[in-house]
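Encoded as structure tokens, the structure appears first; notes follow it.
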Amino acid sequence: MNFELAITINCPQKEVFLFLRDKDQHIQKAGSPVLVLERITDAPVSIGTRYREVVQMMPFYKSEILSVLTRYEPYEYLEEDFSGTGMKGHLAYQFIDQGEATKLIQRESIFFSFPLNLINPIIKKILHRKLIERLEEIKTDLES
């Protein structure tokens, strides 16, 4: 399943880029499904940087997601491949300078293996809503 979303953030392009680049440095909000988000590569962020997330989408079920940066072009592009239990995908951010604002475009592809792929239409609807909420949270955090 594929998603493409965009939002305009009243914040300079560099700040939006750095916020998403340094995602492991932010404290997760209460109720976030992300329990752990850490960079597991010691070197400065670049292509090949790896991250580890532990997420809890359902009670009593935690999943680990590993990701690696595949495109790193400050302050225009960040892309990563990710995989976790029963899924894999690609996340791409494009940052378009609009003076005092930035247009952030998010493109994401997620592929689920059996048996989750059987309920792709349900998952797609839920994920679409969650992705929109996440972009709105990023906007709120950066504009405050």
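When Thr102 is tested against (1) hydroxyl-bearing (Ser, Thr, Tyr); (2) surrounded by fewer than 16 Cβ atoms within 10 Å (Cβ to Cβ); (3) in contact with a Pro (Cβ under 7 Å, 6 or more places away or on another chain), exactly one condition is not met: (2).
Condition first: crowded, with 16+ Cβ neighbours inside 10 Å, of a type in the set (Val, Ile, Thr) and farther than 21 Å from His26 by Cβ. Now tell me which residues in region 110-144 satisfy that. Those that are crowded, with 16+ Cβ neighbours inside 10 Å, of a type in the set (Val, Ile, Thr) and farther than 21 Å from His26 by Cβ: Ile110, Ile123.
Residue selection: Arg129 satisfies the criterion of being assigned to a helix (DSSP H, G or I), without any contact (Cβ under 8 Å) to a residue 60 or more places away in the chain and out of contact with any Cys (no Cβ under 8 Å at 6 or more places or on another chain). Only one entry in Arg21, Arg107 is in contact (Cβ under 8 Å) with a residue 60 or more places away in the chain, surrounded by 12 or more Cβ atoms within 10 Å (Cβ to Cβ) and among the basic types (Lys, Arg), namely Arg107. Within the span defined as region 76-93, one or more residues are assigned to a loop (DSSP other than H, G, I, E, B) and under 20 Å from Leu5 (Cα atoms).
To keep it simple, each residue is scored yes or no on (1) surrounded by 14 or more Cβ atoms within 10 Å (Cβ to Cβ); (2) out of contact with any Lys or Arg (no Cβ under 8 Å at 6 or more places or on another chain); (3) charged (D, E, K, R); (4) without any contact (Cβ under 8 Å) to a residue 40 or more places away in the chain.
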site	(1), (2), (3), (4)
Met1	yes, no, no, no
Ile9	yes, no, no, no
Pro33	yes, yes, no, yes
Val45	yes, no, no, yes
Val54	yes, no, no, yes
Ser63	yes, yes, no, yes
Glu79	yes, no, yes, yes
Met87	yes, yes, no, yes
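Just so you know, all these numbers are worked out from the coordinates, no wet-lab data involved. Note that the structure is predicted; figures quoted are calculated from it, not measured. Positions of Cβ are backbone-derived with ideal geometry, glycine not excepted, and every protein chain shown enters the neighbour counts.
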